[in-house]
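Input: a single structure, listed below in structure tokens.
The values are calculated or read from the model by the stated rules, or taken from the named source; none is laboratory data. Predicted model only: the values in this text are computed from it and were never measured. Cβ atoms come from the backbone with ideal geometry, glycine included; neighbour counts cover every protein chain shown.
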């Protein structure tokens with residue numbers, strides 16, 4: 001029987017056998033490649049570790065030198081320079097660095113000292129800097145008072161943020177006196193009342209009128225009715241301004257005060273809150289009269 005006449009299954013078995021009996025091409029095997037890679041990796045790691053060790057030793061020596069070298073140590077409080085100081089005592093500022101004398105300036109916690117200085121009532125903002133090799137520099141931004149504040153029988157200063165300030169012994173200020181600040185006011189409420197007072201002064205001084213110089217006291221007990229005291233022939237007169245249009249109301253007062261000055265009735269208060277009229281002596285226990293006027 002010829003190959004072509006063999007059954008299909010038998011032909012398939014013979015072909016498979018011949019295929020596996022053919023000589024196969026050998027693959028070249030590269031020996032030693034993995035070993036060289038490992039050696040190179042070990043060498044690289046060893047060099048890196050060595051460099052890190054040397055660098056660590058250098059940094060440690062630098063640390064020891066910066067920590068203990070006499071040339072970097074703060075010798076005394078006189079080595080703390082202070083800039084922009086007017087009202088805060090220099091001695092008080094330097095006391096915050098007493099614990100740092102004899103220590104390296106590199107290890108003084110500047111941020112902690114800055115925060116501590118900003119707790120002082122007169123200090124609004126502070127910065128602390130190292131001046132190499134062994135000095136510190138403190139730069140202060142002090143609070144700016146805007147008025148006196150009546151606290152019972154005591155007068156204090158107050159700034160635009162409502163922070164109360166002790167009056168420096170050798171400083172002189174010319175401000176109106178604020179009243180109507182109860183001890184129960186929160187810092188936010190105190191700041192809001194100071195903002196109302198500053199708005200009042202700005203309005204009086206619009207167009208360079210400078211009327212605010214006539215004001216001696218401002219009562220903010222009722223924020224919907226700002227009241228201010230001016231002097232008229234040596235007598236204090238209380239003006240009720242209400243809210244807003246402060247300059248217009250004050251000019252109405254100035255235009256008409258000569259009319260009642262001719263009368264016999266003393267004027268101790270004027271209500272300016274009503275359009276078209278000024279109410280004199282608005283006190284229920286005292287007869288009052290109205291004085292016509294142009295009120296915008």
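Summary of values
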{"read-out": "Residue in region 68-82 that is part of a helix (DSSP H, G or I) and modelled with pLDDT under 85 present", "value": "yes"}
{"read-out": "Candidates 273, 289 - the one that is crowded, with 17+ Cβ neighbours inside 10 Å, more than 19 Å from residue 178 (Cα to Cα) and modelled with pLDDT under 95", "value": "273"}
{"read-out": "Hey, residue 193 modelled with pLDDT of 95 or more and not assigned by TED's automatic domain parsing to the domain that holds residue 250 or not", "value": "no"}
{"read-out": "Of all residues making up region 107-125, the number that are touching a strand residue (DSSP E or B) at 6+ places or on another chain (Cβ under 6 Å) and in a helix (DSSP H, G or I)", "value": "4"}
{"read-out": "Residue match in region 199-215 (condition: under 32 Å from the mean Cα position of the chain (by Cα) and part of a loop (DSSP other than H, G, I, E, B))", "value": "yes"}
{"read-out": "Among residues of region 222-236, those that are out of contact with any helix residue (DSSP H, G or I) (no Cβ under 8 Å at 6 or more places or on another chain), assigned to a strand (DSSP E or B) and surrounded by fewer than 16 Cβ atoms within 10 Å (Cβ to Cβ), counted", "value": "2"}
